Amino acid sequence: MKLGKESEAKFRILVVEDEVIVARDICLQLRELDYEPVADTPSGEEAVELAERLCPDLVLMDINLAGEMDGIGAATIIRERWALPVIFLTAFSSVELVKRAKEAQPYGYLVKPFGEQELRISVEMAIHRHRSETRLRASEARYRALTESAQDGIVTVDTDGAVVGWNRGATDMFGYAETEVVGQPVTMLMPSRFRSSHLMGMGRVQSG
């Protein structure tokens, strides 16, 4: 394991690669692109430990690693425990390998040998996607907290007229638990005399 200088101002990247020369070259390219390789390791097990200890912004993970844990196994643990984005590196691109790698939900896939331009694009795309997903999760959490604390019943419906959101106020108002309602047509909450006019209105919305 080799540790680099940590810098809060730069995007911090953990490199997991079992070929020493390749790992050094990747770290060099990252520095030239103004990223900070905080560590490099050839081990999947150590990659998991470093991800927890260093909390990098991104992990570049070789799929084929020596030892009991390969890159896919390490990436899966890192994603499930700390939701860190991972880009896979590999010299092989078989259909079976790609299929298995998808299960770890990587943010990118680089086939070795790759150039600095390919590395730059993959890292930038991963950064953008991860930041977008982080903002979306934060927004959803704020919305969820707001709706749950509201005393009024709040019911969210999709364009097909099915219930997709339900707060505690709605449970108090209608008497249904969220699990009983989500996915069901919102018309189940309406008096029968209002259902036809609601469906007509939804039809106009869908056609528009």
Helix-derived mean residue ellipticity, 222 nm - over the chain, DSSP H n ≥ 4, -39500 (n - 2.57), to 500: -16000 deg cm²/dmol
For the stretch 57-97, compute the orientation-averaged projected area of the C-alpha convex hull (one quarter of its surface), in nm². 3.2 nm²
Using just the Cα positions, wrap the stretch 1-105 in a convex hull and report its mean projected area in square nanometres, one decimal place. 6.2 nm²
Taking placed amide H atoms and a strict 5 Å upper bound, the residues 5 or more places from Phe88 or on another chain that come that close are Met61, Tyr107, Gly108, Tyr109, Leu110
Rounded to two decimals, the Rg over Rh value of the stretch 78-165 from Cα coordinates and the Kirkwood Rh reads 1.16
Sorted by mean Cβ packing within 10 Å, highest first, what order do the peptides 145-158, 164-177, 37-50 take? 37-50, 164-177, 145-158
More than 32 angstrom separation, counting every C-alpha pair in the chain; what % is that? 41 percent
Using the basic label-point model (7 angstrom from Cα toward the beta carbon), what is the Ile21 to Ser196 distance in nanometres? 8.0 nm
Provide Cys27, Cys55 ordered by accessible surface of protein heavy atoms (probe 1.4 Å), highest first. Cys55, Cys27
Accessible area per residue in Å² at 1.4 Å probe, computed on the chain: 59 Å²
Could you please state how large a percent of the accessible area of the chain is carbon and sulfur, counting protein chains only and using a 1.4 Å probe? 54 percent
Using a cut-off of 11 Å between beta-carbons, work out the net charge of the residues near Val163 (Lys and Arg +1, Asp and Glu -1, Val163 not included). -4
Note the full-extension length gain between Arg168 and Ile121 as 0.36 nm times their separation in residues minus their Cα-Cα distance, in nm to one decimal. 12.5 nm
The chain: antiparallel DSSP beta bridges as a percent of all, rounded to 5: 25 percent
Over the alpha-carbon set of the stretch 116-208, work out the extent along each principal axis and list the three values in angstrom, largest first. 65, 35, 18
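The values are calculated or read from the model by the stated rules, or taken from the named source; none is laboratory data. What you see is a predicted model, and the numbers here were worked out from it, not measured in a lab. In this analysis, Cβ positions are derived from the backbone assuming ideal geometry, glycine residues included, and neighbour counts consider all displayed protein chains. Accessible surface areas use protein heavy atoms only, side chains included; no ligands, DNA or RNA. Shrake-Rupley method; radii C 1.70, N 1.55, O 1.52, S 1.80 Å.
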